[in-house]
Amino acid sequence: MENRLDIQKVEPNAYKGMLALENYLANTKLLKIHLELIKIRASQINGCAFCINMHTSDALKQGESPQRIFLLNAWRETKLFSEEERSILAITEEITLINQKGLTDETYKNALTLFDENYVAQIIMAVVTINAWNRIAISTHKPLS
């Protein structure tokens, strides 16, 4: 695959805006492992090899088990994920696949039984941000590091 333009070089202000979202997420109450699960799952759905590679490596560094990463795309069929993580993964899938039905009332209301509104808002922003990064990496053919 031929490399395309480098957004960071061509549009540095846009890239800084994306980094501002990352900095915001790094300073929220979102657990690091929750953030990595969001990033990996959305990247799997979007088929972003660059982001899957980056975030699985980051998750392993955070202490995530390889088994859970291997089974992340089948999270509904395993008991390896907590109720909170299952809620986060459902939100991630529904927002990433927004053209199918969007974030359903059922998923949203379930999340509010597990998290406060701020945490739910932070989950949503994490999903939105990784989806934007996926689209940048895929559109520009960002090479694996």
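Every number here is computed from the coordinates shown, using simple stated rules; none is lab data. Just so you know, these numbers come straight off a predicted model, no measurement behind them. Backbone-built Cβ (ideal geometry, glycine too); neighbour counts: all protein chains shown.
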Once the in-chain neighbours fewer than 8 apart are removed, the aspartates and glutamates whose Cα is under 16 Å from Lys109 read Glu83, Glu84, Glu85, Glu93, Glu94, Glu117
Helix-only [θ] at 222 nm, the chain, -39500 (n - 2.57) per DSSP H run of 4+, per residue, nearest 500, equals -21500 deg cm²/dmol
Counting alpha carbon pairs within less than 8 Å and at least 6 residues apart, what relative contact order, in whole percent, applies to the chain? 39
For Arg86 and Leu60, FRET efficiency with R0 = 22 Å and r from the beta-carbon atoms, rounded to 0.05? 0.55
Counting other C-beta atoms within 10 Å, which of Lys109, Lys39 has the fewest, and how do the rest follow? Lys109, Lys39
In degrees, nearest ten, helix 83-96 long axis to first principal axis of the chain (Cα): 40
With N set to the residue count of the chain, report its C-alpha Rg divided by 2.2 N^0.38 Å to two decimal places. 1.04
Given the pairs Lys16/Lys61; Lys9/Lys29; Lys32/Lys101; Lys101/Lys142; Lys9/Lys142, which are separated by over 20 angstrom at their Cα positions? Lys16/Lys61; Lys9/Lys29; Lys32/Lys101; Lys101/Lys142
The local net charge around Ile52, scoring Lys/Arg +1 and Asp/Glu -1 for residues other than Ile52 whose Cβ lies under 13 Å from its Cβ, equals +1
Going by C-beta contacts inside 10 Å, put Asp58, Asp6, Asp105 in order with the fewest on the left. Asp105, Asp6, Asp58
Among Gly102, Tyr15, Thr129, the residue whose Cα sits farthest towards the positive end of the charge dipole of the stretch 2-145 (+1 at Cβ of Lys and Arg, -1 at Cβ of Asp and Glu, taken about the Cα centre) is Tyr15
Please work out the Cα center distance from the stretch 1-16 to the stretch 45-100, rounded to the nearest Å. 27
